[in-house]
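First up is the structure itself, then whatever we jot down about it.
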Amino acid sequence: MSGKTTTLDRPDLAAADRGRSRLGDLSRPIPIDRRITHDRRWTLVLTLVALAIAGALAAALFVLPVQTWFSQGQEIERNRQELTQLQTINADLQSEVERLRTDDGIREAAREQLGFIEQGETRQSIRDLPAVPTDLPNGWPYNLVEGIVQLRMTTPAPTTPLP
């Protein structure tokens, strides 16, 4: 080393500041004329507003994501159940497709859906009886008709042969 020393000029400190650190400014009370608010009530209000903002930020950063995480877990479970049901349905449909790819399956589907008949067969279509209205007015001749409708809707008792 060459023996040269460097000195830094220090600002001239007031007599009250000699022997204290520069952090002393943070622990010393702020004079009233330099404060943001001069009244203690406004300081309290600003403190409450700052705490409310900090609470809202904490909720946005911590509480809401945790709630979303739990709700996503429930939604994932529901989607897994739905997926299982859909896979079961797909398996049933795939077995139906495999059955319909056979000759017997094609013949059966053509009979059911298209009315296909093979050579030498005859087709007879029998329609069901239409539904009979049962909300008839009271009085003659409707009470007779209602009796007939009730007789037709009940199944007849088995008859025993006469000796």
Count of the range 127-155 residues which are surrounded by 10 or more Cβ atoms within 10 Å (Cβ to Cβ), assigned to a loop (DSSP other than H, G, I, E, B) and of a type in the set (Phe, Trp, Tyr):
0
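Among the residues of the range 135-154, which ones are of a type in the set (Ser, Thr, Tyr) and within 54 Å of the chain's Cα centre (by Cα)? Give the steps one after another, and end with the answer.
Residues of the range 135-154 that are of a type in the set (Ser, Thr, Tyr), as a first pass: 142, 154.
Scanning the range 135-154 gives a single hit, THR154.
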What residue, among those in the range 21-47 that are under 51 Å from the mean Cα position of the chain (by Cα) and surrounded by 10 or more Cβ atoms within 10 Å (Cβ to Cβ), is modelled with the lowest pLDDT?
THR37
Considering GLN119, GLN113, GLN124, which residue is assigned to a helix (DSSP H, G or I) and surrounded by fewer than 10 Cβ atoms within 10 Å (Cβ to Cβ)?
GLN113
Mind listing whichever residues of the range 68-110 are over 29 Å from the mean Cα position of the chain (by Cα), in a helix (DSSP H, G or I) and either on the phi > 0 side of the Ramachandran plot or β-branched (Val, Ile, Thr) (or both)?
VAL97, ILE106
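Yes or no: ALA110 modelled with pLDDT of 95 or more and farther than 30 Å from ARG35 by Cα? Talk me through it step by step, then tell me what you get.
Values: modelled with pLDDT of 95 or more: no; farther than 30 Å from ARG35 by Cα: yes.
Against the criterion (modelled with pLDDT of 95 or more and farther than 30 Å from ARG35 by Cα), ALA110 does not qualify.
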Could you tell me which of the residues LEU93, LEU61 is under 30 Å from ILE36 (Cα atoms), among the hydrophobic types (A, V, I, L, M, F, W, C) and at pLDDT 85 or above?
LEU61
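The values are calculated or read from the model by the stated rules, or taken from the named source; none is laboratory data. Computed from a prediction, not measured in an experiment: that's the story for all the values here. Note that we place each Cβ from the backbone using ideal geometry, even for glycine, and neighbour counts take in every protein chain shown.
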